[in-house]
Amino acid sequence: MKNYVIEESTREEHGLVDKGIVEYNLSKVPFTQEPSFMSINRVIKGSNGDMLAGVNSILYCWNCLYIDVLWVRDGFRKEGYGSALLNEVEKIAKEKGCKLIHLDTFDFQAKDFYLKHGYEVFGVLDDCPLEHKRYYMKKNI
């Protein structure tokens with residue numbers, strides 16, 4: 001490799017990188033869902049309209065669901081809001097043909113919560129962040 005420059009990408013270049021990997025993946029394994037990427041995001045609000053909890057997830061390419069974030073406001077944890085949201089996105093994903101869900105969580109977050117809901121650890125990243133663990137989890141549905 002000669003005569004090259006590494007620089008911060010523009011928003012357009014960021015999109016081209018994403019588009020490039022999607023096209024490559026599609027050339028190797030056909031997508032099994034339409035649209036290829038479908039957000040499944042839900043919130044729970046209290047009677048005054050304040051958001052108490054939420055989940056952001058995406059059903060992608062091969063009917064796999066990736067749960068990016070599941071959050072419950074302090075003071076409302078352990079009241080069933082997280083379970084209600086998890087059950088909701090799992091139900092929607094299953095209705096759309098999903099067979100596999102995956103996510104990651106830290107040792108100071110919700111590993112035991114996900115284990116209780118049938119998820120299993122398939123990988124651990126030590127010292128991410130330092131002196132902590134990041135757990136990669138999955139569930140077949």
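Every number in this text was worked out from the coordinates using simple rules, so none of it is lab data. Source: prediction; values computed, not measured. Please note: Cβ atoms are built from the backbone with ideal geometry, for glycine as well, and neighbour counts cover all protein chains shown.
Highest mean first, the peptides 126-138, 54-66 sorted by other C-beta atoms within 10 Å per residue fall in the order 54-66, 126-138. Annotation for residue 21 and residue 125: the two label points, set 7 Å from Cα along the Cα-Cβ direction, are 1.2 nm apart. Structure note, pairs 111/139; 91/111; 45/78; 45/91; 19/94; 28/133: Cα-Cα distances above 24 angstrom occur for 19/94; 28/133.
Take 103, 125 and order them by how many other Cβ atoms sit within 10 Å, fewest up front. Could the numbers behind the result be given before it?
Numbers: 103 20, 125 12.
The order, fewest Cβ neighbours first, is 125, 103.
Extension gain for residue 83 to residue 47 (0.36 nm times residue separation, less C-alpha to C-alpha distance): 11.0 nm. Using C-alpha pairs below 8 Å separated by at least 6 residues, the relative contact order for the chain is 16 percent.
Against the chain, whose longest principal axis is taken from its Cα atoms, helix 11-28 shows a tilt of about 90°.
What does the extension gain come out to for residue 141 and residue 12, with contour length at 0.36 nm per residue minus their alpha carbon separation?
Here the answer is 42.8 nm.
For residue 100 and residue 73, the difference between the fully extended length at 0.36 nm per residue and the C-alpha to C-alpha distance is 7.0 nm.
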